[in-house]
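What follows is one structure encoded as structure tokens, with my remarks underneath.
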Amino acid sequence: MAVSSAFAAAKLETLLVSNTSSSSASPMAAASPAQIGLFCKPARAARRSSLVIQRGFGGIPSVRCEVSSDVSVEVSDKMEFSTTNAAASSSSASASSLSALEQLKTSAADRYTKERSSIVVIGLSIHTAPVEMREKLAIPEAEWPRAIGELCGLNHIEEAAVLSTCNRMEIYVVALSQHRGVKEVTEWMSKTSGIPVSEICKHRFLLYNKDATQHIFEVSAGLDSLVLGEGQILAQVKQVVKVGQGVVGFGRNISGLFKHAITVGKRVRTETNIAAGAVSVSSAAVELALMKLPEASHATARMLVIGAGKMGKLVIKHLIAKGCTKMVVVNRSEERVAAIREEMKDAEIIYKPLNEMMECAAQADVIFTSTASELPLFMKEHVMDLPHVDPSVGGLRLFVDISVPRNVGACVNEVQGARVYNVDDLKEVVAANKEDRLRKAMEAQAIIAEESKQFEAWRDSLETVPTIKKLRAYAERLRTAELEKCLSKLGDDIPKKTRRAVDDLSRGIVNKLLHGPMQHLRCDGSDSRTLSETLENMHALNRMFSLETEISVLEQKIRAKVEQNQK
């Protein structure tokens with residue numbers, strides 16, 4: 001994609017001019033273009049253009065632009081003080097200025113010519129940033145459309161999406177320039193959150209193109225979660241697509257990326273069953289209890305949770321996730337239970353004070369304990385007088401103790417009709433499940449690699465879309481013009497049926513002729529044709545039919561954004 005010389009070098013040309021007039025106290029303030037020496041000399045190839053401010057002779061600043069076209073342009077602020085050669089040097093300097101600026105414009109355009117739009121992820125997650133920072137950066141779901149609009153209003157951002165959860169804050173963009181796009185998004189994040197750019201840069205991670213694609217696929221598959229394979233993140237990725245529908249800026253590339261990520265997430269869970277098996281103590285406690293209960297009683301078993309701290313809250317959360325709709329929670333104070341009840345409105349959570357613990361235990365089939373008590377809450381003498389559990393729920397009262405020190409004495413196992421499971425029993429379940437999930441994660445990576453190739457092939461195929469459209473439009477213009485000539489020669493009294501037949505004939509001929517070229521412009525990974533071959537075909541057709549536009553698509557996008565922001 002080529003950028004016109006005038007537009008690409010406009011800002012650099014302004015920089016050169018402003019550099020000569022920035023200080024009225026400097027001798028350079030009154031210098032004419034003829035008095036500014038511009039020297040061109042070969043330079044080693046550089047991958048990107050870079051602007052370096054150096055100190056010239058006598059401490060006067062000079063600007064050196066190193067560019068990828070193997071040309072170095074050095075602008076020195078040194079004045080030619082020789083009055084005898086002033087007239088001769090004036091014309092020479094003017095010619096040098098024109099030559100240098102032309103090379104500068106060409107080299108500046110090269111940056112855009114060689115750089116296509118990139119998919120970029122600018123993110124902070126639980127792995128890289130503290131919760132205090134993630135809280136400030138978090139964007140509520142209702143604000144996602146507004147955020148997308150603001151991001152796409154930046155000069156070098158074309159498309160955008162926001163994935164904001166309790167564990168991550170990630171912004172996905174299609175950037176017309178990687179470096180400038182990242183800079184603009186980071187500054188936007190700083191502005192909206194109040195966090196300094198330098199602080200964000202310490203904790204952010206940046207991923208581009210294929211790495212960005214692999215990352216969102218791993219996120220959707222649950223491989224980047226704290227609990228490997230957890231399913232909640234897939235629902236959150238789906239919500240990004242749902243909210244983005246119809247939002248200007250949630251474009252074809254980003255939309256396609258997230259939809260493909262959903263496909264990957266579903267496929268990984270279906271083919272590897274990675275979400276099966278508990279991998280935390282609290283989830284293992286719930287899983288073990290349900291394993292010991294008859295399946296028919298899962299929904300009706302009476303659940304008691306003693307302790308509403310962090311572990312107790314997770315037990316409640318996992319019980320609800322498994323379909324439990326009613327439970328009793330015993331705790332010292334009601335505030336924590338009320339907060340949990342407010343957060344988890346899908347279940348009926350009944351609070352009871354600690355002094356009613358034994359009465360609650362007598363009415364429970366499964367008892368989870370997770371308190372900081374240093375003394376056991378249940379011993380043999382406490383349990384032996386409790387009423388028997390109904391045979392429909394297994395006939396055994398289950399004590400699942402996840403506290404250290406233990407809240408339930410081992411002697412409770414001696415009571416007929418009671419069984420105790422502690423943390424050591426759960427660790428075996430967790431370890432086995434973790435090992436199994438790691439094996440499944442390796443299988444998931446193979447699926448992700450395969451799907452990443454398919455997505456990249458689809459995205460690469462979009463490169464030829466403008467050429468396909470231009471070739472069709474060119475052929476249609478020729479067909480229409482020739483058809484009108486033909487019909488005018490046949491006269492005005494031609495029957496409509498004949499006109500329609502001639503029109504259909506011309507369309508059929510054009511479609512037949514275009515079929516071959518169109519096939520060779522498509523590269524979606526379904527055949528052996530490589531992307532390089534497809535792009536060679538595209539360039540050949542552009543040359544043969546003069547389909548190249550004077551202003552590239554990329555330049556049009558950048559120019560439109562700059563003009564819009566200047567209004």
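Please treat every number below as a calculation from the coordinates, not as lab data. Everything numeric in this text was worked out from a predicted model, so none of it was measured. Cβ: placed from backbone, ideal geometry, glycine included. Neighbour counts: every protein chain shown.
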Discussion item. For the range 351-415 and the range 250-279, what is the centre-to-centre distance using only Cα atoms, to the nearest Å?
Written reply: 41 Å
Worksheet entry | Neighbourhood charge, 11 Å Cβ-Cβ cut-off, centred on GLY307 and excluding it, Lys, Arg +1 and Asp, Glu -1 | +3
Worksheet entry | Neighbourhood charge, 12 Å Cβ-Cβ cut-off, centred on CYS324 and excluding it, Lys, Arg +1 and Asp, Glu -1 | +1
Item to complete: Please sort by residue number the GluC sites (Glu not before Pro) in the range 341-433 whose DSSP state is loop and whose Cβ has at most 13 other Cβ atoms within 10 Å.
Response: GLU374
Worksheet item: Could you give the length gained on full extension between GLN239 and ASN355, defined as 0.36 nm per residue of separation minus the Cα-Cα distance, in nm?
Response: 37.3 nm
Worksheet item: So, counting K/R as plus one and D/E as minus one, what does the shell of residues with Cβ under 14 Å around GLY491 add up to?
Response: +1
Worksheet entry | Where trypsin sites (Lys or Arg not before Pro) fall in DSSP loop in the range 337-431, at most 15 other Cβ within 10 Å | LYS345
Worksheet item: Relative to the Cα centre, what is the charge dipole magnitude of the range 202-310, using +1 at the beta carbon of each Lys and Arg, -1 at the beta carbon of each Asp and Glu, and rounding to the nearest 20 debye?
Response: 340 debye
Worksheet item: Distance from the Cα centre of the range 132-182 to that of the range 425-495, in angstrom?
Response: 25 Å
